[in-house]
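Working notes, beginning with the structure itself.
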Amino acid sequence: METVSSLLGSISDVGRDGVRGGYSRPVFSTPELDLRNWFQEQAGRRGLDVETDRNGILWAWWDVDGRHDDDSRRGALVTGSHLDSVPGGGAFDGPLGVASALAAVDILKERGIQPQRALAVAVFPEEEGSRFGVACLGSRLLTGAIDADTARNLKDPNGTTFAEAARANGLDPEHLGRDGAALARIGDFIELHVEQGRGLIDLDAPIGVGSSIIGHGRWKLTITGQGNHAGTTLMEDRADPMVAAAQVILAIRKTAAAAPDARATVGRVQPIPGGTNVIASRVEMWIDVRHPDDATTASLVEAVHGKAQKAAAFEGCTATLAQESLSGTVNFDTELQRQLSAAVPGAPALPTGAGHDAGILAGHVPSGMLYVRNPTGISHSPEEHVEDDDANLGATALADALERLL
Ligand code: GLV
Ligand code: MN
Ligand code: MN
């Protein structure tokens, strides 16, 4: 029987980022593949039957009466999370849910539970969208929330398509896409996750039950100007997209700050070609916008688009905006929330501004979340943290919830 911290300790060297700090574990990179192997090995040790489905989702099955067929797995109880990370991310976003699921299996075995309903631990690829741009790509493929052709053609920063990466990792790109049979096997889905803000600190509670995920989306803004020489081009002769980009970033903050509950972020900017003595010919930037009200998200994006066009025109440039992903606000299944609250008495209900595979699955199967307190209140950063005692409480809470639902 292993604790969450000993499980996480066994992967603490995988994917450390010496430049950014924290961990960089993009999907299908060496570290993420190492983690997938680690998961398969850990699942094997627990006697779980591991398979990779056609979208690259890992499933580790605790079957009823040793039956491995789809029939006996239909309507199963599924828990899990992801192993990929943002660039320079923390140790817990994703892996905490996977390690807690494995620890919960240990706890249930220790309790002598013999499931009369199949139980699976699932690991979803590319939850962060840090390589191919679309968050929750695995669960979107599974549910058909992204069209298979669109997914196949997604490109990473090196120009590798998702189809190519999938093929290189043993998947058939032609078989990517909605998988009704795999989806039918999920009766209920529970994702345990590190809390990514100050919610549980402020409530002075170690564990929370997810109530909702606010709507979120990503847009790519391309500002095109005139590439030129930094020394010979007079200031008045420039069409510099970097200057327009700077104006747009300030406008985004102003727009979001004026809308209660809105969040808007530019975390990634790419000048092309990107030389110290080169006026960029083009700037690409990615905008992350979130709001509990989907209509407000749409109007914020429209306002940002208008301001970007104005700022670009002022600098003699042009701007185009393309949506890369969008998920509306999700309210988790009320019955499952009730079951989770009953399993973890006193745990407060918590909305979140972070996206999760549970949010994508919620449109198709009853889904719910458990959060574990993060004493720093910081996430998507090396400072993200979970105390061992809270991690143990989380695994026990998950085991209690699974036992109720089994
Ligand atoms: C994922 O963690 C996201 O909310 O972007
Ligand atoms: Mn994340
Ligand atoms: Mn996550």
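The values are calculated or read from the model by the stated rules, or taken from the named source; none is laboratory data. Note that the coordinates shown come from a computational prediction; the quantities given were computed from them, not determined experimentally. Neighbour counts run over all protein chains shown; Cβ positions are idealised from the backbone, glycine included.
General observations
- The combined condition, being part of a helix (DSSP H, G or I) and either within 13 Å of ligand 1 (Cβ to nearest atom) or under 20 Å from G22 (Cα atoms) (or both), is not fulfilled by A103.
- Test: residue in segment 302-325 that is of a type in the set (K, R) and either under 21 Å from G97 (Cβ atoms) or in contact with a helix residue (DSSP H, G or I) (Cβ under 7 Å, 6 or more places away or on another chain) (or both): yes
- A search for C-beta distances below 7 Å between a residue of segment 88-112 that is closer than 22 Å to A358 by Cα and in the same structural domain as G18 (by TED's automatic domain parsing) and any residue that is of a type in the set (A, V, I, L, M) and away from ligand 3 (no atom under 16 Å from the Cβ), counting only pairs 6+ apart in sequence or on different chains, returns A99/L7; S100/A395; L102/L7; A103/L7; A103/A395; A104/A395; A104/A399; A104/L402.
- Flag for A181 being more than 23 Å from L402 (Cα to Cα), in a helix (DSSP H, G or I) and touching a residue at least 40 places away in the same chain (Cβ under 8 Å): no
- Condition met for H364 (assigned by TED's automatic domain parsing to the domain that holds G112, under 29 Å from R253 (Cα atoms) and either touching a residue at least 24 places away in the same chain (Cβ under 8 Å) or not small (G, A, S) (or both)): no
- Screening the candidates G187, G210, G159 for the property of being within 16 Å of ligand 1 (Cβ to nearest atom) and modelled with pLDDT of 95 or more yields one hit, G210.
- Residues of segment 255-269 satisfying the condition of being surrounded by fewer than 17 Cβ atoms within 10 Å (Cβ to Cβ) and polar (S, T, N, Q): T265
- Residue satisfying condition, being away from ligand 3 (no atom under 16 Å from the Cβ), in contact (Cβ under 8 Å) with a residue 24 or more places away in the chain and of a type outside the set (V, I, T), within set G197, G215: G215
- Residue that is farthest from P115 (Cα to Cα) [pool: residues in segment 33-63 that are of a type in the set (A, V, I, L, M) and crowded, with 17+ Cβ neighbours inside 10 Å]: L35
- Subset of segment 270-280 (residues that are surrounded by fewer than 17 Cβ atoms within 10 Å (Cβ to Cβ) and closer than 19 Å to R218 by Cα): Q270
- Residues that are within 16 Å of ligand 3 (Cβ to nearest atom), small (G, A, S) and assigned to a loop (DSSP other than H, G, I, E, B) within segment 134-176 comprise just one, A135.
- So H193, is it within 16 Å of ligand 1 (Cβ to nearest atom) and of a type outside the set (A, V, I, L, M): yes
Residue-by-condition table, conditions (1) away from ligand 1 (no atom under 16 Å from the Cβ); (2) crowded, with 19+ Cβ neighbours inside 10 Å:
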{"site": "A312", "(1), (2)": "yes, yes"}
{"site": "E315", "(1), (2)": "yes, yes"}
{"site": "T334", "(1), (2)": "yes, no"}
{"site": "S341", "(1), (2)": "yes, no"}
{"site": "P345", "(1), (2)": "yes, no"}
{"site": "P351", "(1), (2)": "no, no"}
{"site": "G363", "(1), (2)": "yes, no"}
{"site": "S381", "(1), (2)": "no, no"}
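- Only one of the numbered conditions (1) touching a Phe, Trp or Tyr at 6+ places or on another chain (Cβ under 7 Å); (2) part of a loop (DSSP other than H, G, I, E, B); (3) within 16 Å of ligand 2 (Cβ to nearest atom) is not met by G377, and that is (1).
- Members of segment 275-301 that are within 14 Å of G215 (Cβ to Cβ) and within 16 Å of ligand 2 (Cβ to nearest atom): D288, R290
- All of T329, T334, T276 fail the test of being within 30 Å of I201 (Cβ to Cβ), β-branched (V, I, T) and touching a residue at least 24 places away in the same chain (Cβ under 8 Å), apart from T329.
- For F189, the criteria (1) part of a strand (DSSP E or B); (2) over 18 Å from the mean Cα position of the chain (by Cα); (3) not assigned by TED's automatic domain parsing to the domain that holds G316 hold in every case but one, which is (2).
- Tabulated pairs, segment 1-13, first among the small types (G, A, S), second surrounded by fewer than 16 Cβ atoms within 10 Å (Cβ to Cβ), C-beta under 6 angstrom, 6+ apart or interchain: S5/D388
- Single condition A99 does not satisfy, out of (1) within 13 Å of ligand 2 (Cβ to nearest atom); (2) within 20 Å of L340 (Cβ to Cβ): (1)
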